[in-house]
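> Structure provided below as structure tokens; questions to follow.
The values are calculated or read from the model by the stated rules, or taken from the named source; none is laboratory data. Bear in mind the structure is a predicted one, so any value in this text is a computation, not a measurement. Please note: Cβ atoms are built from the backbone with ideal geometry, for glycine as well, and neighbour counts cover all protein chains shown. Please note that ligands, DNA and RNA were not included when accessible areas were found on the heavy atoms of the full protein model with its side chains. Shrake-Rupley method; radii C 1.70, N 1.55, O 1.52, S 1.80 Å.
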Amino acid sequence: YSYLLIFLIVLLCVLGAFSSWMVEYPQKETCALKGSSVILPCYYDYPESLVVEGVKWGHKENFFDGPFIYDSELNQTWSRFTYSGDKNHNCSLRIDQVEDGDAGKFAFRFITNSDDGKFTGEEGTMLKIVIFFFLDLRISLVKPKENDVIKEGNSASLTCTSSCDGGEPSPFIWLKDGEVVHNGSVLSLTDMSSTHSGNYCCTYNGATSGGIRIDVEFGPKNTNVEVYPSEEVDEGTNVTLICNSHANPAVMNYTWFKKHRNNVTVLGEQRKYSFGKFSQRDDGQYFCRSTNKHGSSNSSDVTVKVKGKHSDQFLHLFLFRPYHCITCREEQTDSHDESDSVIYSVVCR
């Protein structure tokens, strides 16, 4: 029994040592723009008792015997290929001024101080080269699911992705109606208003995406009344009231009202309300209401009247009301003055 136990322990140690040899490539494929720089991430492991003495990177089929594009034993300092890892566990490779010929499979190989301590990550990682003319940028929009409509006060986000987003980070730039508004792949829009409406696109490494339209909807606002020709007119003048409002979607319904003392009368449902011949009986306060699917808004009151109405009425009463004297006579008034003078007054009845 004791011999069997020792055998199992030795076997586990051997298997454990063998399984610890590893090269892992987090990205199976990396994309880079021609002329840019790119890093191929890599991680490796080996038995703790060993020491790494040499690291190498092979390209295409030269993974075991070379020639290698990077070899630590050759002390290359001029190459476009730079080892950005170490001799512990990081085996990443940096490539500058990427060329068309750099496309293909790359694999990492390392050598330890053991005679049999050599290992190659044959699986490798692929590098794809893209010319920026063929770079494909796509925009995705995340918005409230409520009827797929963005309303005032909502939040939304735009994300720009590239068909070739490998290599060194290059800033995504967001534009709204041709003006730069943000740097970064994600554009967050919060507490949205009509000012957020517009055409958005993103740029990356010299390429520009297609545009996407953001349309923020809101209820009517800034409702007001215009009076033509003016708020005081001559009797018999053609008068037109126009209801204006800012809304998205556009106002669906307009309603006109007239105030008379404590009463409010509905006049009609159209944007323009006209009087063929404005008269004194049309004098009064008017206001309108604009409505769309998101709400309603009332204008302020506007007073429209016949010009000079009140002064004319007074003149009419003064000139034409039938005041007249029926009987006029002089009456003597007693005087208590020492001069014994007599005071007379004229009385009309």
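> Considering only the stretch 121-150, state which residues are at pLDDT 90 or above and surrounded by 16 or more Cβ atoms within 10 Å (Cβ to Cβ).
If the condition is that a residue be at pLDDT 90 or above and surrounded by 16 or more Cβ atoms within 10 Å (Cβ to Cβ), then Gly121, Gly124, Thr125, Leu127, Ile150 are the ones that fit.
> Any residue in the stretch 307-315 that is open to solvent by 90 Å² or more (accessible area, probe 1.4 Å) and at pLDDT 95 or above?
Within the stretch 307-315, none of the residues are open to solvent by 90 Å² or more (accessible area, probe 1.4 Å) and at pLDDT 95 or above.
> Could you check the stretch 188-206 and list, in sequence order, the residues that are over 18 Å from Ala32 (Cα atoms) and open to solvent by less than 20 Å² (accessible area, probe 1.4 Å)? Steps first, please.
Taking the stretch 188-206 first, the residues over 18 Å from Ala32 (Cα atoms) are 188-202.
Scanning the stretch 188-206 gives Leu189, Met192, Gly198, Tyr200, Cys202.
> Would you mention how many residues in the stretch 227-246 are assigned to a strand (DSSP E or B) and of a type in the set (S, T, N, Q)? Reasoning before the result, please.
If we filter the stretch 227-246 for residues that are assigned to a strand (DSSP E or B), which is where we start, we get 227-228, 232-233, 239-246.
From what's left, of a type in the set (S, T, N, Q): 240, 244-245.
Residues flagged as assigned to a strand (DSSP E or B) and of a type in the set (S, T, N, Q) within the stretch 227-246 amount to 3.
> Another question, if that's okay. Looking only at residues in the stretch 183-197 that are in a loop (DSSP other than H, G, I, E, B) and among the small types (Gly, Ala, Ser), which one is nearest to Gly219 (Cα to Cα)?
Step one: filter the stretch 183-197 for residues in a loop (DSSP other than H, G, I, E, B), giving 184-185, 190-193, 197.
Filter once more, keeping what is among the small types (Gly, Ala, Ser): 184-185, 193, 197.
Working: Gly184: 32, Ser185: 32, Ser193: 11, Ser197: 15 Å.
Of everything passing the filter in the stretch 183-197, Ser193 is nearest to Gly219 (Cα to Cα).
> Next question. Going by what's in this entry, would Thr291 be described as part of a strand (DSSP E or B) and in contact (Cβ under 8 Å) with a residue 40 or more places away in the chain?
yes
> Within the stretch 247-259, can one find any residue that is open to solvent by 80 Å² or more (accessible area, probe 1.4 Å) and in a strand (DSSP E or B)?
Within the stretch 247-259, the subset open to solvent by 80 Å² or more (accessible area, probe 1.4 Å) is 252.
Next, from what is left, pick out any that are in a strand (DSSP E or B): none.
Within the stretch 247-259 (the criterion being open to solvent by 80 Å² or more (accessible area, probe 1.4 Å) and in a strand (DSSP E or B)), the answer is no, since none of the residues qualifies.
> Still on this structure, I have one more. Considering (1) assigned by the TED database to the domain that holds Asn205; (2) open to solvent by 30 Å² or more (accessible area, probe 1.4 Å); (3) modelled with pLDDT under 90; (4) farther than 22 Å from Phe81 by Cα, say which one Phe172 fails and leave the rest.
Condition (2) is where Phe172 drops out.
> Restricting to the stretch 207-220, give me the number of residues that are farther than 30 Å from Thr159 by Cβ and loosely packed, with under 14 Cβ neighbours inside 10 Å.
Pass one, the stretch 207-220, residues farther than 30 Å from Thr159 by Cβ: 220.
So of that shortlist, the ones also loosely packed, with under 14 Cβ neighbours inside 10 Å come out as none.
Residues that pass the stated criteria total 0.
> Read through the list (1) buried (at least 19 other Cβ atoms within 10 Å of the Cβ); (2) farther than 12 Å from Val52 by Cβ; (3) modelled with pLDDT of 90 or more, then give the number of the only condition that Phe63 fails.
Looking at each condition in turn, Phe63 falls short on (3).
> Is it fair to say Phe106 is among the hydrophobic types (A, V, I, L, M, F, W, C) and not in a strand (DSSP E or B)?
Details: among the hydrophobic types (A, V, I, L, M, F, W, C): yes; not in a strand (DSSP E or B): no.
For Phe106, the condition - among the hydrophobic types (A, V, I, L, M, F, W, C) and not in a strand (DSSP E or B) - is not met.
> Which residues, taken from the stretch 221-246, are open to solvent by 30 Å² or more (accessible area, probe 1.4 Å) and among the hydroxyl-bearing types (Ser, Thr, Tyr)?
Tyr228, Ser230, Thr237, Thr240, Ser245 - these are the residues of the stretch 221-246 that are open to solvent by 30 Å² or more (accessible area, probe 1.4 Å) and among the hydroxyl-bearing types (Ser, Thr, Tyr).
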